[in-house]
1. Calculate one ³J(HN,Hα) per residue across segment A:22-32 by plugging θ = phi - 60° into the Karplus curve 6.51 cos²θ - 1.76 cosθ + 1.60, and present them in order as whole Hz with x for glycine and proline.
2. I'd like to know which of A:Ser236, B:Ser255, A:Ala317 lies farthest towards the positive end of the charge dipole of the protein assembly as shown, counting +1 on Cβ of Lys and Arg and -1 on Cβ of Asp and Glu.
3. Between Rg and the Kirkwood Rh of segment B:4-219, both from Cα atoms, what is the Rg to Rh ratio?
4. What ranking, highest mean first, results for peptides B:253-262, B:133-142 when packing means the other Cβ atoms within 10 Å averaged over each residue?
5. Most mobile of B:Gly232, B:Gly177, B:Gly33 per a Gaussian network model of chain B (Cα springs, under 10 Å)?
6. Within 10 Å of each Cβ of B:83-90, how many other protein chain Cβ atoms are there on average?
7. Got a sec? Charge dipole of the protein assembly as shown, +1 on Cβ for Lys and Arg, -1 for Asp and Glu; which of A:Asn303, A:Ile213, A:Ile6 is way out at the positive end?
8. Pairs on different chains or at least eight residues apart, Cα atoms closer than 23 Å: how many lysine pairs in chain A fit?
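Computed from the coordinates by the stated procedures, all read-outs in this text should not be read as laboratory data. Here the structure is a predicted model, which is why all the values come from computation and not from measurement. Quick reminder, even Gly has a Cβ in these numbers, built from the backbone with ideal geometry, and neighbours come from all protein chains shown.
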Amino acid sequence: MNTDIIPFIRKESLHILRDKRTLLIVLLQPAVMLLLFGFAISTEVNDVRVAAVAPHRTAGVTEAVNRVAHNPNFTFYGYIQQNEIDDVLRRGDVTAVVVFADDYDRAVMQAAQGYAVNPPIQIVVDASNTNIAGTASVYLQNILLGTASAQSLFETRLLYNPQMKSAYNFVPGIMGVIFMLVCAMMTSVSIVREKEVGTMEVLLVSPVRPTKIILAKMIPYFVISCVTLAIILLISRFVLDIPMSGGIGGIVFVSLIYLALALALGLLISTFARTQIAAWMVSAVVMLMPMIMLSGMLFPIENLPLVLQPLTCAVPARWYISAMRKMMIEGLPVGAAMTELAVLCFMLLAVLGFALKKFNDKLE
Amino acid sequence: MDVIEINRLSKRYGQVRALDEVSLSVGRGELFGLIGPDGAGKTTLFRLLTTLISPDSGAATVEGLDIVHGYRRIRELVGYMPGRFSLYPDLTVEENLNFFAALFGTHVQDAYDLVAPIYRQIEPFKNRRAGKLSGGMKQKLALSCALIHRPSVLFLDEPTTGVDAVSRSEFWDMLAGLKAKDITMLVSTPYMDEAQRCDRIALCNEGRILGIDTPAGIVSRFDSRLYAVSAGNMFTLLQATRTFEGVDACYPFGSTHHIVAGGNFDAAALDGHLKADGLQDVRIAPCMPTIEDVFIKLMQR
């Protein structure tokens, strides 16, 4: 069995190698996606335009405004009048306006001495983009609090990703998606292609057991996925500077389990789908959408409606992404991701068993 | 015991009876033809015999093996060439052949004496992708692949559909060569003229078999007189002839219309009637029935 499977693997590899366009996409896509999310697309807030309203430009006010103006996240628009606030915000000239009180200097001084005072600063933010509004107002508060030299009761320390780089957040998510795309989608499409072209009829009317044909189909895609995994890990480490201090062995091991699970899912899809289009659709709608929405890749699972939260447990990418966050970003060893690993292993056995049982060696 | 034995085999898809209590048997070394139009149930019969689908009722054996219980053994013994081109278009001729040899756990050399007369014709193109071959060459490659494991029974589902006339004739010559090597063959075709090249044929229509015999035997079943008629305006001719007394049936056949004559048919009277109707160049002559005439007659019963 082991020796005569080689012609089948060779045949499958030829299919892949002759389809140069797909091969190129499969190998380039991870790198492009990683670099896009790592550099071009970011959820950090930059270049927020801010105006100030100050009845008296005292030393305290000037100092506070300078701090804002010199911060790389903000651009200072200029001083405006109280009655202009609405206009500049409406026109989109600025995103936020800082309004200083008449007695700003005195209030700051009293606050520093421990007196309770009315807030001497008001921040008016254009909240039409909630993401920017939230982040900008927090940034502004931090900067202005420093000026007011009021002692904050809290000190915040950002662990694991102190610069809040969005790449750190995206890499595990991208890995979860790419492996599903390559393994599940491509295997299911390639198996269904045999049905559609009619070669499956000839394959079935032969002494070879279908499991062997299927296994031979999976191996080249598994190899491609391993190359992809290597590309992703190299870019993550050397271009995006992700620490991965938890040990590369654990990361690779959990990834291999996830790859196998994705292959098994592809096989399962191929047992239902009759045409290549259907296989694509099932992969995209039934797998890709829930994966992006419910895996915690884009939206934190805790923020999802309560009804949806239990559903996320059925999404393999959720467990994989969670394990990758622990090992790649937090730098924990594989032991910290045992729950995720156990769930992935269980899913692998269940899906593979079901798919092989469902795989028919007849046409109907 | 015959190589293929089919006993009241039925298969339905939803409401459609694809195959309705079909029985037939094929002896060793026989070249047996299934003749019938699309939808006659030919492909369904092939899929049942090659164990790709299971019957609803009835039974069949191939080489003495039951198609339901012995399907794994059957798959080792038979060669199958499905109706549509079913090789890998992105692999070369040689790669396809090697792959199918591997599929049956054999090597091209082991069956070369059997495959060579066919394969030699496409060997000059062995590095060409199978998808880029002409229709005739594709059929030759598919036949080579189906023969690579020396099957004792060969199932060929419409092997000549979509192939030019010369290649079709060549293909039947190859089948004759395989028959000489004692391979049992079941071939389906929608072309009546190809039926002549079979040992025996079964005429099928809408899931039923209308008759089984040798081609000559089938033709001899035609028990009416047959005339070929032609005129300047063939359409008016058809209508005028159909309503004429003594004409059992009249249908277009090639460049003429065939008339199935009843007992009281008078060719001279028809000639006069047609000329009186203003038809030009009227010609009426007795002719020999073909398999197609038998088929049309059986279908109308």
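1. 5, 4, 4, 4, 4, 7, 7, 3, x, 5, 5
2. A:Ser236
3. That ratio equals 0.96.
4. With the highest mean Cβ count within 10 Å placed first, the list reads B:133-142, B:253-262.
5. B:Gly232
6. 5
7. Going by the charge dipole, the pick is A:Ile6.
8. Taking the Cα cut-off of 23 Å, the pair count is 19.
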